[in-house]
Amino acid sequence: MKIHREGTNILILLFLVLAALNAPVWLFMPPYTIPIIFSAISLVVYLFVFNFFRCPKRHYRGPRKDMVISSVDGHIVAIEKVYEPEYIKGEAIMLSVFMSPLNVHANWYPVDGTVEYVRHHRGRFLSAYLPKASSENERSTIGIVTPSGVRLTARQIAGAMARRIVTYARKGHEANIDGHLGFIKFGSRVDLYLPLDTEILVEMKQNVKGGITPVARLKS
């Protein structure tokens, strides 16, 4: 287990802030009840943020050809036919995974292939559970073409708590299931838009792991 690079500066700053707040409590408050309670609360806060930025090393060991792997940890909140206007520009199956603040928030590529499209959209910060979050919230869209020529879209979506989306994917980059396409800070969701003839391998409310759980099989 390691800490994601997006969290290093935040954790250092948080440690310094908590240390600065705890020092006068221990120096000037009556011993020992109040200082111990204050330090315990500080420790819980720090461990919560530390847990959020954890970044486990993962390697997908199953078959890769035509397989779509979950981009994030979380649970399935939507499997439905929609219109995807940016990259696929047609009807597609939208498969959405919601991340709680307790999930790992690194985002993996869902397939092997080549990144053909990347665009960031400014927007609102509605609850990521809402259907209109896909089109109205702050979001980044990544279009990928597989070695078999199948095109699919991954969309990082900010939520009520998540105020920053980080996207590492760039046009022309190689997409690899074991590689990170980005990071979303403090909870949100990722939508995958797949061709209509895709075989879906998961169910609503099912828990999935980024870079590990197969969620669909493409038709070559």
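Conditions (1) modelled with pLDDT under 80; (2) out of contact with any Ser or Thr (no Cβ under 7 Å at 6 or more places or on another chain); (3) more than 18 Å from P85 (Cβ to Cβ); (4) basic (K, R), marked per residue:
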residue	(1), (2), (3), (4)
S96	no, yes, no, no
V118	no, no, no, no
S127	yes, yes, yes, no
P131	yes, yes, no, no
N137	yes, yes, no, no
G143	no, no, no, no
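Checking the structure you have, find out if any residue of the stretch 19-36 is in contact with a His (Cβ under 6 Å, 6 or more places away or on another chain) and not in a helix (DSSP H, G or I). No, the stretch 19-36 contains no residue that is in contact with a His (Cβ under 6 Å, 6 or more places away or on another chain) and not in a helix (DSSP H, G or I).
Within the stretch 107-120, one or more residues are among the polar types (S, T, N, Q), under 23 Å from I200 (Cβ atoms) and either in contact with a Leu (Cβ under 7 Å, 6 or more places away or on another chain) or not assigned by TED's automatic domain parsing to the domain that holds I177 (or both).
If you go through the stretch 52-93 and keep only what is under 16 Å from the mean Cα position of the chain (by Cα) and either in a strand (DSSP E or B) or within 17 Å of L152 (Cβ to Cβ) (or both), you end up with R54, C55, V68, I69, S70, S71, V72, G74, H75, I76, V77, A78.
Across the stretch 164-179, what is the total count of residues that are buried (at least 17 other Cβ atoms within 10 Å of the Cβ) and out of contact with any Phe, Trp or Tyr (no Cβ under 6 Å at 6 or more places or on another chain)?
Within the stretch 164-179, the first condition is being buried (at least 17 other Cβ atoms within 10 Å of the Cβ), and the residues that meet it are 165-167, 169, 173, 175, 177.
Pick out the ones that are also out of contact with any Phe, Trp or Tyr (no Cβ under 6 Å at 6 or more places or on another chain) and you get 165, 167, 169, 173.
Residues flagged as buried (at least 17 other Cβ atoms within 10 Å of the Cβ) and out of contact with any Phe, Trp or Tyr (no Cβ under 6 Å at 6 or more places or on another chain) within the stretch 164-179 amount to 4.
Flag: L13 matches the condition of being outside any strand (DSSP E or B), over 16 Å from T213 (Cβ atoms), without any contact (Cβ under 8 Å) to a residue 12 or more places away in the chain and not acidic (D, E).
The values are calculated or read from the model by the stated rules, or taken from the named source; none is laboratory data. Please read these numbers as outputs of a predicted model, since none were measured by experiment. Note that each Cβ is placed from the backbone with ideal geometry, even for glycine, and that neighbours are counted across all protein chains shown.
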